[in-house]
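Presented below is the structure to which this report refers.
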Amino acid sequence: MGYFFEEELMMLIPGLLSSIPTGLFSIATYILTSLALYAIASRRGLRKPWLAWIPVINCWLLGSISDQYQYVVKGENKSKRKWLLALSLLKAVLTLTVVILVAVVATSAIFRGPGFGMRQSITGPIMGILGVVMPLAAAHVAYLVIRFMALYDVYRSLDPSNSVLYLVLSILFSVTEPFFLFFNREKDLGMPPRKQRIVDAEYVEAEIV
């Protein structure tokens, strides 16, 4: 028994070790994105720039930067921040629901064992999973579309001459997005003069609150 346990443990170790670089890289890209959004929001006078560090909620700040750009440049308020936050929370709830239903199915399979009774007990949860996956996929697609629209606004406000290139690469290779945001975080090449920007930022913040 001990031999088989040690053998299984030795088989798991390479997989665990290989996941460490991926985990560290994910943390690094998250930090770069948070630093970039925090710097942009702080410089442009948006309130609560610390939201950049909160998972799920940080999409509100990305949308706020986009909304500010749309207002100061075009005089429009698109409310992408509200859509992004609503869809992000919806995705979180649906994902949690799927996880719970999968846990129910797994638990039933383990403790009930194979047989007709077991199949009956998991039919409901499986149908529930299928019923949740479709709305989850739709919410995810809608979230991505609006997020890329907001990201394009952010890129245009930072460096309009390269905004299309940045967006295309961010869509094709998502790993590039944190680096584009971080290395351009101090730019305002697509924004109007600072005095006007501060006044308009106050208006947008009043709308947000």
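The values are calculated or read from the model by the stated rules, or taken from the named source; none is laboratory data. Worth saying up front: this structure is predicted, and the values here are computed from it rather than measured. Neighbour counts run over all protein chains shown; Cβ positions are idealised from the backbone, glycine included. The accessibility values were calculated without ligands, DNA or RNA, using every heavy atom of the protein model including side chains. Shrake-Rupley method; radii C 1.70, N 1.55, O 1.52, S 1.80 Å.
With the requirement that a residue be out of contact with any Lys or Arg (no Cβ under 9 Å at 6 or more places or on another chain), open to solvent by 70 Å² or more (accessible area, probe 1.4 Å) and either modelled with pLDDT of 95 or more or outside any helix (DSSP H, G or I) (or both), what does region 190-209 give you?
193
Taking residue 141 as meeting all but one of (1) at pLDDT 60 or above; (2) hydrophobic (A, V, I, L, M, F, W, C); (3) open to solvent by less than 90 Å² (accessible area, probe 1.4 Å); (4) more than 23 Å from the chain's Cα centre (by Cα), write down the number of the exception.
(4)
Name the pairs: first residue in region 33-59 and within 17 Å of residue 85 (Cα to Cα), second residue of a type in the set (Val, Ile, Thr) and assigned to a loop (DSSP other than H, G, I, E, B), Cβ to Cβ under 7 Å, at least 6 apart or on different chains?
51/57
Here are the criteria: (1) open to solvent by less than 100 Å² (accessible area, probe 1.4 Å); (2) at pLDDT below 60; (3) of a type outside the set (Phe, Trp, Tyr). Tell me which single one residue 10 does not satisfy.
(1)
Condition (residue is at pLDDT 80 or above and either closer than 20 Å to residue 181 by Cβ or not in a helix (DSSP H, G or I) (or both)) applied to region 86-108: is it met by at least one residue? Walk me through it before giving the result.
Within region 86-108, the first condition is being at pLDDT 80 or above, and the residues that meet it are 86-100.
If we keep only those that are either closer than 20 Å to residue 181 by Cβ or not in a helix (DSSP H, G or I) (or both) as well, we get 88.
Yes, some residue in region 86-108 is at pLDDT 80 or above and either closer than 20 Å to residue 181 by Cβ or not in a helix (DSSP H, G or I) (or both).
Could you say whether any residue in region 67-84 is closer than 17 Å to residue 182 by Cα, of a type in the set (S, T, N, Q) and surrounded by 20 or more Cβ atoms within 10 Å (Cβ to Cβ)? Spell out the reasoning first.
Step one: of region 67-84, the residues closer than 17 Å to residue 182 by Cα are none.
No, because not a single residue in region 67-84 is closer than 17 Å to residue 182 by Cα, of a type in the set (S, T, N, Q) and surrounded by 20 or more Cβ atoms within 10 Å (Cβ to Cβ).
Across region 147-175, what is the number of residues that are part of a helix (DSSP H, G or I) and among the acidic types (Asp, Glu)? Outline the logic, then answer.
Pass one, region 147-175, residues part of a helix (DSSP H, G or I): 147-158, 160-172, 174-175.
Cutting the leftovers down to among the acidic types (Asp, Glu) gives us 153.
Residues in region 147-175 being part of a helix (DSSP H, G or I) and among the acidic types (Asp, Glu): 1 in total.
For residue 162, state whether it is at pLDDT 95 or above, open to solvent by 50 Å² or more (accessible area, probe 1.4 Å) and not hydrophobic (A, V, I, L, M, F, W, C).
Numbers: at pLDDT 95 or above: yes; open to solvent by 50 Å² or more (accessible area, probe 1.4 Å): yes; not hydrophobic (A, V, I, L, M, F, W, C): yes.
Considered against the rule, which asks whether it is at pLDDT 95 or above, open to solvent by 50 Å² or more (accessible area, probe 1.4 Å) and not hydrophobic (A, V, I, L, M, F, W, C), residue 162 comes out as yes.
Filter region 154-166 down to residues that are touching an Asp or Glu at 6+ places or on another chain (Cβ under 8 Å) and not aliphatic (A, V, I, L, M) and give me whichever is nearest to residue 180 (Cα to Cα). Give the steps one after another, and end with the answer.
We begin by selecting, within region 154-166, every residue touching an Asp or Glu at 6+ places or on another chain (Cβ under 8 Å); these are 157-158, 166.
Add one more test, that the residue is not aliphatic (A, V, I, L, M), and what stays is 157, 166.
Details: 157: 13, 166: 7 Å.
Per the stated criteria, the residue is 166.
Please go through region 145-159 and pick out each residue that is open to solvent by less than 60 Å² (accessible area, probe 1.4 Å) and under 24 Å from residue 83 (Cα atoms). Write out each step before concluding.
The first filter runs over region 145-159 and keeps only residues open to solvent by less than 60 Å² (accessible area, probe 1.4 Å), leaving 146-148, 150-151, 153-159.
Across region 145-159, the qualifying residues are 146, 147, 148, 150, 151, 153, 154, 155, 156, 157, 158.
Can you report the number of residues in region 33-60 which are open to solvent by less than 20 Å² (accessible area, probe 1.4 Å), of a type outside the set (D, E, K, R) and part of a loop (DSSP other than H, G, I, E, B)?
Residues meeting the conditions: 1.
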